[in-house]
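Here is the structure we will look at, set down as structure tokens.
Only the coordinates and a few stated rules stand behind these numbers; no lab work does. As the structure is a computational prediction, the values presented were derived from the model and not from experiment. Neighbour counts are summed over all protein chains in view; Cβ atoms, including those assigned to glycine, are modelled from backbone coordinates with ideal geometry.
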Amino acid sequence: MTLHLPARAPICGLSMDRPRIMGIVNVTPDSFSDGGRITDVAARVTELVAEGADILDIGGESTRPGADTIPAEEEWDRVAPAIEAAVATGVVVSIDTRKAAVARRALSSGARLFNDVSALTYDRDSLSVAKEFADQGGAVCLMHALSDPKTMQQNPRYDDVLREVYAYLEDRVKVAAEAGIPPEQVIVDPGIGFGKTLAHNIEILRGLGTFHDIGCLVLLGASRKRFIGTLTGEDVAAERVHGSVAAAQIGASLGAQILRVHDVKATAQALAVWSAVQGIT
Ligand code: HH2
């Protein structure tokens with residue numbers, strides 16, 4: 001039952017010898033799960049850190065299916081207070097953006113991780129900004145999405161979803177390496193729900209372990225997503241906590257080093273039990 005994964009170097013000062021919890025801070029009016037709900041950003045940040053978040057992922061533009069994009073300036077105005085509050089706690093701060101200008105400002109404000117759901121394809125300056133993160137001891141997360149959030153859920157098709165997502169991520173890691181970003185500072189993420197049907201998501205979860213062969217850290221972001229609603233009949237995203245914890249647990253069991261979750265407390269509790277049985281202290 002014990003996992004045997006290749007040892008991975010620490011990122012952003014965090015050892016990767018146990019699954020790390022990335023807590024989600026969506027400062028958006030329209031995120032699919034918690035859009036518009038956060039009223040006191042500093043209090044929310046403090047709460048998530050106290051609950052056990054190792055990383056906070058701050059996003060100002062929703063990437064839910066069908067979402068519209070917003071100007072970089074507006075996105076920055078949304079995320080800046082949350083970044084400031086998070087940096088002040090000492091937690092590792094991740095900026096969830098597709099825009100190079102937003103990522104660069106986040107880096108200057110103390111963010112250490114550039115989480116890009118477009119795997120640095122949306123903005124032509126993103127590759128060089130990701131290199132700046134790496135040069136300063138930070139990291140970049142490259143996620144697979146079939147296409148833009150606007151259209152990605154319109155009849156997604158693959159011949160072999162696992163193989164195609166793997167090949168895409170492998171290629172993006174190569175592009176990053178060619179730009180001077182070492183694989184040890186790259187995280188790959190198959191992008192649950194980004195241009196995937198229920199069957200695709202299940203296949204990816206089942207085969208999550210194969211992504212370790214790319215040679216980077218693996219992140220799983222399944223929290224409160226639609227597929228959990230489909231499997232459980234729960235339409236309200238915020239009510240999908242138990243299904244989300246199960247998905248995070250599956251991720252941990254398959255060696256995902258980073259779990260991106262809304263429900264930090266519940267996930268931390270599940271991982272504490274799992275880790276004890278695994279002999280991880
Ligand atoms: N999912 C979302 C946003 N960013 N980043 C990574 N690396 N992986 C993910 O799976 C991922 C992500 C979408 O979820 P959420 O942030 O809850 O919603 P929204 O985009 O509507 O704000």
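A few remarks follow.
- Prolate/oblate/rounded call for region 30-175, Cα gyration tensor, a/c under 1.5 rounded: prolate
- For the peptides 136-142, 204-210, 248-254, residues were scored by their other Cβ atoms within 10 Å and the scores averaged per peptide; the highest-first order is 136-142, 248-254, 204-210.
- Rounded if a/c under 1.5, otherwise prolate or oblate - region 20-278, Cα gyration tensor axes: rounded
- Loop-resident sites, region 98-155, for trypsin sites (Lys or Arg not before Pro), counting at most 14 other Cβ within 10 Å (DSSP): Arg124, Lys150
- Residue-wise HN-Hα couplings along region 229-240, as the Karplus relation 6.51 cos²θ - 1.76 cosθ + 1.60 with θ = phi - 60° gives them from phi, are x, 5, 6, 10, x, 9, 7, 8, 4, 5, 8, 8 Hz; Gly and Pro carry x.
- Spatially proximal aspartates and glutamates relative to Lys196 (Cα-Cα < 17 Å; intrachain offsets below 8 disregarded): Asp148, Asp159, Asp160, Glu164
- For Lys99, the aspartates and glutamates whose Cα falls under 13 Å of its own Cα, not counting residues fewer than eight places away in the same chain, are Glu61, Glu73, Glu74, Glu75, Asp116, Asp123, Asp125.
- Whichever lysines have a C-alpha closer than 25 Å to that of Lys265, once near sequence neighbours (fewer than 8 apart) are set aside: Lys225
- Relative contact order of region 20-278, defined on C-alpha pairs under 8 angstrom at six or more residues apart (%): 18 percent
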